[in-house]
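Comments concern the structure below.
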Amino acid sequence: MDVHFDSDWQLRPIKGDTGKAYVGLKAQDKVFIKRNTTPMLAALSKEGITPRLIWTKRTGNGDTLSAQEWLEGNLLEAEEIGLRNDVIDVLYQLHHSDSLKKMLKKMGGSVMSPQKMLKEYLENLPEALISNQFLTMVMQFLQTHIPVFRKAEKTVVHGDVNCRNWIVCQNYLYLVDWDSVMFADPAVDIGTILGHYVPLSNWNQWLMLYGIQATAEEIEKIYWYALLSMLKEIKKCYLKHDRPKMREEIIQLKRIYTG
């Protein structure tokens with residue numbers, strides 16, 4: 001069913017995880033609209049990390065709608081992410097942007113330590129996952145190998161850099177869906193990319209291109225965040241009743257954990 005928030009724009013829901021995304025239509029105009037997304041969009045748009053922000057409007061019931069340019073592009077395939085240097089470029093720019101740090105601090109962005117992230121994963125964890133011996137073994141490993149987190153070294157991280165959130169348009173790469181943006185160790189995003197899309201044998205090369213010296217301590221930290229990102233994805237798939245995708249994630253987790 002169409003949704004109207006004023007006399008001009010017509011909103012049509014887009015299927016997705018949050019139910020907060022719409023196609024906005026008015027005459028010949030077409031935009032992507034997100035409801036109650038992060039106020040960071042303006043700064044991210046200015047940096048060229050996410051599609052251009054066109055306008056922001058507040059509805060009568062207090063919601064905020066943000067419209068971005070509609071881009072005809074493609075989602076990155078899982079096989080592409082580990083091979084594209086522009087993925088590294090976007091993440092480096094995000095993690096090293098002073099203006100984004102200032103904006104997120106002004107917004108009161110949350111600081112997520114590894115302890116907080118692990119606690120968040122364990123909250124309302126389904127019994128089926130708790131009783132899985134392999135997943136429990138991985139979780140126990142994480143609990144006993146929590147990496148050092150120095151708040152002074154925190155950066156802006158996306159928090160969900162899976163392939164579904166990378167869009168290529170006219171060979172330009174954008175990172176979208178910023179509902180999980182936070183202050184944390186950049187290894188959160190890096191671990192997600194390496195754990196899901198880069199063979200262990202290529203981690204050192206990827207990190208070198210990003211600008212990180214692949215010391216044993218650094219690798220261990222990224223490995224920790226990679227495992228956690230896969231556990232979180234398994235939990236998400238289970239709650240969405242997406243068993244085929246969940247099995248794929250478990251297979252990849254076993255590949256990394258036993259590799």
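Only the coordinates and a few stated rules stand behind these numbers; no lab work does. Note that the coordinates shown come from a computational prediction; the quantities given were computed from them, not determined experimentally. FYI the Cβ positions are ideal-geometry reconstructions off the backbone, even for glycines, and counts take in every protein chain you see.
A compact table of results
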{"item": "Whole-Hz ³J(HN,Hα) from phi, Karplus 6.51 cos²θ - 1.76 cosθ + 1.60, for segment 207-220, glycine and proline x", "result": "5, 4, 5, 6, x, 10, 7, 7, 6, 4, 5, 5, 4, 4"}
{"item": "Calculated from backbone phi, Karplus (6.51, -1.76, 1.60) coupling profile of segment 86-100 in Hz, x at Gly/Pro", "result": "6, 5, 4, 4, 5, 5, 4, 4, 4, 6, 10, 8, 5, 5, 5"}
{"item": "Spherically averaged projected area of segment 3-69 from its Cα convex hull (nm²)", "result": "4.7 nm²"}
{"item": "Beta bridge orientation in the chain: antiparallel %, DSSP, nearest 5", "result": "95 percent"}
{"item": "Segment 180-220 versus segment 89-150: alpha-carbon centroid distance in Å", "result": "14 Å"}
{"item": "Estimated distance in nm for a label pair at residue 217 and residue 170, the labels positioned 7 Å out from Cα along Cα-to-Cβ", "result": "4.5 nm"}
{"item": "Helix 133-144 vs. the chain, principal-axis angle (Cα, 0 to 90°, nearest 10)", "result": "90 degrees"}
{"item": "Segment residue 42-residue 140, extension gain: residue separation times 0.36 nm, minus the distance between their alpha carbons", "result": "31.3 nm"}
{"item": "Estimated distance in nm for a label pair at residue 130 and residue 57, the labels positioned 7 Å out from Cα along Cα-to-Cβ", "result": "4.6 nm"}
{"item": "Per-pair calculated FRET efficiency, R0 = 35 Å: residue 205 and residue 257 via Cβ, rounded to 0.05", "result": "0.95"}
{"item": "Calculated FRET efficiency for the pair residue 102/residue 245, C-beta based, R₀ 25 Å, to 0.05", "result": "0.10"}
{"item": "Relative contact order (%) - segment 74-257, alpha-carbon pairs under 8 angstrom, separation at least six", "result": "27 percent"}
{"item": "From phi via Karplus (6.51, -1.76, 1.60), per-residue ³J(HN,Hα) for segment 189-201 in Hz, x at Gly/Pro", "result": "6, 4, x, 5, 5, 5, x, 8, 10, 10, x, 3, 5"}
{"item": "19 Å Cα-Cα reach of residue 235 towards lysines, excluding residues that sit fewer than 8 places from it in its own chain", "result": "116, 119, 245, 254"}
{"item": "Sequence-distant residues sharing a close amide H with residue 14 (under 5 Å, placed H)", "result": "21, 22, 23"}
{"item": "Rounded to the nearest 20 debye, dipole of segment 3-69 from Cβ charges on Lys, Arg, Asp, Glu", "result": "80 debye"}
{"item": "Pairwise Cα inverse-distance average, inverted: Kirkwood Rh of the chain (Å)", "result": "19.6 Å"}
{"item": "Links that overshoot a 20 Å alpha carbon limit, given the list 101/154; 26/46; 15/46; 20/106; 26/57", "result": "26/46; 15/46; 20/106"}
{"item": "Ranking of 131, 97, 229, 180 by count of other Cβ atoms within 10 Å, fewest first", "result": "131, 180, 97, 229"}
{"item": "Where trypsin sites (Lys or Arg not before Pro) fall in DSSP loop in segment 79-162, at most 14 other Cβ within 10 Å", "result": "150"}
{"item": "Relative contact order (percent, whole number), segment 153-212, Cα cutoff 8 Å, 6+ residue spacing", "result": "38 percent"}
{"item": "Percent of Cα pairs exceeding the 22 Å cut-off, where the set is segment 1-112", "result": "44 percent"}
{"item": "Qualifying GluC sites (Glu not before Pro) for segment 119-156 [loop in DSSP, other Cβ within 10 Å: at most 12]", "result": "123"}
